[in-house]
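Below is one structure, written out as structure tokens; comments come after it.
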Amino acid sequence: MTESYRCWAEVDLHALRENLAQIRALVGPDRRILTVVKADAYGHGLRQIAAVLMQSGTDVFGVANLQEARAIRTVGKGWPILMLGACLPCEVDLAIREGVMVTISSMEEARLFSAAALAQHEVALVQVKVDTGMGRLGVAPDEAVELFRAVQHLPGIRITGLYTHYSSAEDDAEFTARQEQVFSGLIGALATQAPPLPWIHASNSAGLLLQSAGGCNTARVGLLVYGIVPKGRREIGSTVGERFRPALSWKSRVSHVKTIAAGTPISYGHTFVSPRSMRVATITAGYGDGYLRAASNRAQVLVGGTRCAVLGRVTMDQMVVDVSGLAQVGPGDEVVLIGRQGAAQITTDELAGWCDSISWEVLTNITYRVPRLYRGGQAA
Ligand SMILES: *Cc1c(COP(=O)(O)O)cnc(C)c1O
């Protein structure tokens, strides 16, 4: 089935289900799970992933924009969806019409929603975001109670949630603890002001693994759903980490093999010149597929279950790797860019490290040219 593909991704839906079950086990029965499916579900394919998550116990989806929210609606109607970014003024009407929960950080935004909702004879569903240290969106903590109260009294608006975002949960225990403390304080202060909110959340994947829940009733997870444990300076117990399995593998093929003499330059700019006679293979993947050019001369791929170094610059559609150590390799052979082959494995984290990048970017960078093939059950 994959024989005709030059570069493709395989998504193991069974792993995805198990990862969600593991998150459920961590979260417990009383907290809810918001699964973040922005950027085409971290490159895994939004509709397919949303369908599986709907079947496996997600409570609410997090998206970056209204197109993503609409795609989820085509898979299943009625699911709560939170748009994590701020709404642009031109998107306000549509957000209300689609019944998407929006994020607000200011009274100006709230007034726009109130006016638009009244005009539509609808109710705008909003979550108030608090900036406890991310510096991107959210109201300052010392203005949050006031904003919350004012928004509560606007006509046409229902506040459904309160949330904040950790900036450095995988790296900085002290700073994250301060963020958690500020947010918990606010939850306490608002508890007396409002009817119980259905969605109160702070933890991203790293926060879920490393912080306590505080007063939150929801965990908001992205990367971990896809089976990748965020890597940072803080130690995450291996017993927890090992419960998660990457859902995505990324593969390509050998298209050409040859022996080169010592002193042969490889690829654009001749950034690699062979120090000895070598056996090299040309691979049918490049930055046009999303394999970062920063991987040039640094990354490894798996061929025949063996790690092979990328030689010279990654080009748009092809790259060259060192297969000198392999007894047998020929056109059509499978190459693993991310995933397992035999006993060997290259993780997304490892590829990200070679590229001075992060797993999130490596995954979301895989382009539309790469077909996503689904294994392990039905998807949308
Ligand atoms: C993307 C995003 C997340 C998910 O973070 P992970 O580290 O992938 O779990 C959570 N919250 C917000 C606001 C985000 O933008």
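Some observations on this one:
- The stretch 74-152, accessible surface, carbon-and-sulfur percent (1.4 angstrom probe): 56
- Percent carbon-and-sulfur accessible area, the stretch 253-303, ignoring ligands, DNA and RNA, probe 1.4 Å: 51
- Whole-Hz couplings from phi, Karplus 6.51/-1.76/1.60, listed for the stretch 346-362; x for Gly and Pro: 10, 8, 4, 4, 5, 4, 4, x, 4, 9, 6, 10, 10, 4, 4, 6, 4
- Ordering Leu137, Phe61, Gly376 by the projection of their Cα atoms onto the charge dipole of the chain, which places +1 on the Cβ of Lys and Arg and -1 on the Cβ of Asp and Glu, puts Gly376 at the extreme positive end.
- Debye, to nearest 20: dipole size of the chain, +1 on Lys, Arg Cβ, -1 on Asp, Glu Cβ: 960
- Cα gyration tensor category, rounded, prolate or oblate, for the stretch 25-169 with a/c compared to 1.5: oblate
- The stretch 164-293, dipole about Cα centre (Lys/Arg Cβ +1, Asp/Glu Cβ -1), debye to the nearest 20: 820
- For the stretch 281-320, the solvent-accessible area of protein heavy atoms averages 32 Å² per residue (probe radius 1.4 Å; ligands and nucleic acids excluded).
- Per-selection Rg to Rh, the chain - Cα, Kirkwood hydrodynamic radius: 1.05
- Between Val60 and Ile33, Thr35, the built amide H atoms are under 5 Å apart, and every one of these is 5 or more places off in sequence or on another chain.
- Residues listed by number, the stretch 212-240, amide nitrogen under 17 Å from Glu174 label point at 7 Å toward C-beta: 233-235
- Heavy-atom accessible area per residue - the stretch 1-81, 1.4 Å, Å²: 41
- DSSP bridge analysis restricted to the chain gives an antiparallel fraction near 50%, rounded to the nearest 5.
- Cα-based reach from Lys77 at 30 Å (exclusive), listing lysines while leaving out same-chain residues under 8 positions away: Lys38, Lys129
- Distance between the 7 Å Cα→Cβ label points at Ser184 and Leu118: 4.0 nm.
- Degrees between helix 141-152 axis and first principal axis of the chain (Cα, 0 to 90, nearest 10): 60
- In order along the stretch 64-75, phi translates into HN-Hα couplings of 9, 8, 6, 5, 5, 4, 5, 4, 5, 4, 6, 8 Hz, rounded to whole numbers, per the Karplus curve 6.51 cos²θ - 1.76 cosθ + 1.60 with θ = phi - 60° and x for Gly and Pro.
- Highest-first arrangement of 188-200, 278-290, where packing means the average Cβ count within 10 Å: 278-290, 188-200
- Applying 1/(1 + (r/R0)^6) with R0 = 41 Å to the Cβ-Cβ distance of Ala86 and Ile236 gives a FRET efficiency near 0.85.
- The H on the amide N of Ala124, modeled in the peptide plane, is under 5 Å from the matching H of Ile157, Arg158, each at least 5 residues off or on a different chain.
- Cα-centre dipole for the stretch 102-209 with unit charges at Cβ (Lys and Arg positive, Asp and Glu negative), debye to 20: 420
- Estimated 222 nm signal from helices in the chain, with DSSP H stretches of n ≥ 4 weighted -39500 (n - 2.57), rounded to 500: -9000 deg cm²/dmol
- At the listed q of 0.09, 0.15, 0.21 Å⁻¹, the Debye profile of the stretch 263-380, built from one uniform point per Cα, gives log10 I(q)/I(0) equal to -0.25, -0.68, -1.28.
- Kirkwood Rh in Å, taken over all unlike Cα pairs in the stretch 85-212: 15.0
- Å² per residue, accessible surface of the stretch 132-199 at 1.4 Å: 48
The values are calculated or read from the model by the stated rules, or taken from the named source; none is laboratory data. Keep in mind the model is a prediction, meaning the values are calculated, not measured. Glycine gets a Cβ as well: all are built from the backbone with ideal geometry, and neighbour counts include every protein chain shown. Areas reflect the complete protein model, heavy atoms only, side chains present, ligands, DNA and RNA absent. Shrake-Rupley method; radii C 1.70, N 1.55, O 1.52, S 1.80 Å.
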